[in-house]
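Engineer: Just dropping this structure here.
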Amino acid sequence: MKAFVYQGPGKFALEERKKPEMSAPTDAIVRVTKTTICGTDLHILKGDVPTCKPGRVLGHEGVGIIDSVGAGVQAFKVGNRVLISCITACGKCDYCRKGMFSHCTTGGWILGNTIDGCQAEYVRIPYADTSLYPIPDGVDEEALVMLSDILPTGFECGVLNGRVKPGDTVAIVGSGPIGLAALLTAQFYSPARIIMIDLDDNRLQVAKRFGATDTVNSADGKAIEAVMALTDGVGVDTAIEAVGIPATFELCEGLIAPGGTIANIGVHGTKVELHLERLWDRNITITTRLVDTVSTPMLLNLLKSQKIDAKLLITHHFKLAKILEAYETFRHAAKTSALKVIIES
Ligand SMILES: NC(=O)c1ccc[n+]([C@@H]2O[C@H](COP(=O)([O-])OP(=O)(O)OC[C@H]3O[C@@H](n4cnc5c(N)ncnc54)[C@H](O)[C@@H]3O)[C@@H](O)[C@H]2O)c1
Ligand SMILES: [Zn+2]
Ligand SMILES: [Zn+2]
């Protein structure tokens, strides 16, 4: 089968690989029908994610059809259409029992990281019963790909951890797919203002269409002044970091109002400075989180009832054979206006 493989920092290729085989009775093999690329995959290609070793098939998002199941799988049968969660959960360990699936002792974020992922024709899913979701009739499968990772991530790591409340002022740094997912799901709580910050005017325009009340292009290095001007010098109740570089986390530190919450989403590959000399007396909270995907069933309900239009995030389509083009398009989003790219088998 064809598979997109990380070969070491800056190196990658579409390779011919053996179809994955079952390795435990709780596994399922899924034929991937649609997958996509995440900002995290770009971090891996840069060498920012040391757990992901050369030779790994990337990809942790997608939908597909059950090709085979182990004897221990009860919830799925061959031919069922399924949503693949970016988080694998055994359902039984202490972390899973607490709903912290991201830290499942034998799962968590392993797909396309420590085990082969779904940017391929087939993928092996461990603990299929608790790591896959059945696709309800009538739900758009492309929209559903946005539920593997980005919508639960924006919602759980950004909106829930950031404690967004009615009437609040929220800043979201990074208007990529994850920042936009946070923007869409923050609106469940009716904040009064949502200020989107990015370097890319096209993405800021998209953010306006998705419900941002204000946008700030931070290319001039004056984002803090701009946000202070918008908030009567107070700052924001919630600052969501959705980029994953030191400059954007430090920007959140500069935007936060007393009593506020900085919710980090970005995957960081280098040390970030924490300015406690400025923040120690501001009563703020800083949160970090790897998405748990506990909100996936709730988001599925909202998608089914069309309360959230996840398809808005999809800009491009490619065949798996053209995945290198898909990566180029996604990587050069400022030029291509790409948000999420769908890759079809
Ligand atoms: N915590 C989690 O569980 C989790 C899950 C998925 C993704 N992530 C991370 O979330 C982050 C965002 O993902 P994405 O797919 O949206 O990535 P992306 O690369 O598509 O988007 C990042 C956005 O940040 C903007 N940006 C870059 N530098 C900036 C700067 N200095 N100031 C302002 N904006 C800047 C870019 O223009 C872009 O629009 C990544 O770090 C990704 O790894 C975390
Ligand atoms: Zn991801
Ligand atoms: Zn577990």
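Engineer: Scan 63, 73 and give me the residue that is touching a residue at least 24 places away in the same chain (Cβ under 8 Å) and either within 12 Å of ligand 2 (Cβ to nearest atom) or within 27 Å of residue 310 (Cα to Cα) (or both).
Structural biologist: Going through 63, 73 in turn, the sole match is 63.
Engineer: A further question follows. Here is a list of conditions, (1) closer than 25 Å to residue 330 by Cα; (2) modelled with pLDDT under 95, and residue 149 meets all of them except one; can you say which number that is?
Structural biologist: Residue 149 satisfies all of (1) closer than 25 Å to residue 330 by Cα; (2) modelled with pLDDT under 95 except (2).
Engineer: Tally up the residues in the range 45-74 that are within 18 Å of the chain's Cα centre (by Cα) and at pLDDT below 95, please.
Structural biologist: Going through the range 45-74 one residue at a time, the tally reaches 3.
Engineer: Would the range 192-204 turn up any residue that is of a type in the set (S, T, N, Q), closer than 19 Å to residue 335 by Cα and buried (at least 17 other Cβ atoms within 10 Å of the Cβ)?
Structural biologist: no
Engineer: Looking at (1) within 16 Å of ligand 2 (Cβ to nearest atom); (2) out of contact with any strand residue (DSSP E or B) (no Cβ under 8 Å at 6 or more places or on another chain), can you tell me which one residue 167 breaks?
Structural biologist: (1)
Engineer: Let me ask something else about it. Filter the range 278-307 down to residues that are within 17 Å of residue 139 (Cα to Cα) and of a type in the set (Lys, Arg) and give me whichever is farthest from ligand 3 (Cβ to nearest atom).
Structural biologist: Here the residue is 307.
Engineer: Go over the candidates 179, 154, 112 one by one and state the one that is buried (at least 23 other Cβ atoms within 10 Å of the Cβ), at positive phi and within 16 Å of ligand 2 (Cβ to nearest atom).
Structural biologist: Among 179, 154, 112, only 112 is buried (at least 23 other Cβ atoms within 10 Å of the Cβ), at positive phi and within 16 Å of ligand 2 (Cβ to nearest atom).
Engineer: So, one more: Give me the strands (runs of 3 or more DSSP E) completely within the range 123-204, filtered to those with at least 2 residues that are within 16 Å of ligand 1 (Cβ to nearest atom) and in contact with a helix residue (DSSP H, G or I) (Cβ under 9 Å, 6 or more places away or on another chain), ordered by residue number.
Structural biologist: Once the strands (runs of 3 or more DSSP E) in the range 123-204 are filtered for at least 2 residues that are within 16 Å of ligand 1 (Cβ to nearest atom) and in contact with a helix residue (DSSP H, G or I) (Cβ under 9 Å, 6 or more places away or on another chain), what remains is 169-173, 193-198.
Engineer: For the structure I just gave you, tell me whether residue 269 is under 21 Å from residue 154 (Cβ atoms), within 16 Å of ligand 2 (Cβ to nearest atom) and out of contact with any Leu (no Cβ under 7 Å at 6 or more places or on another chain).
Structural biologist: yes
The values are calculated or read from the model by the stated rules, or taken from the named source; none is laboratory data. It should be emphasised that the depicted structure is a prediction, and the values quoted were computed from it without experimental measurement. All Cβ positions, glycine included, derive from the backbone under ideal geometry; neighbour counts span all protein chains shown.
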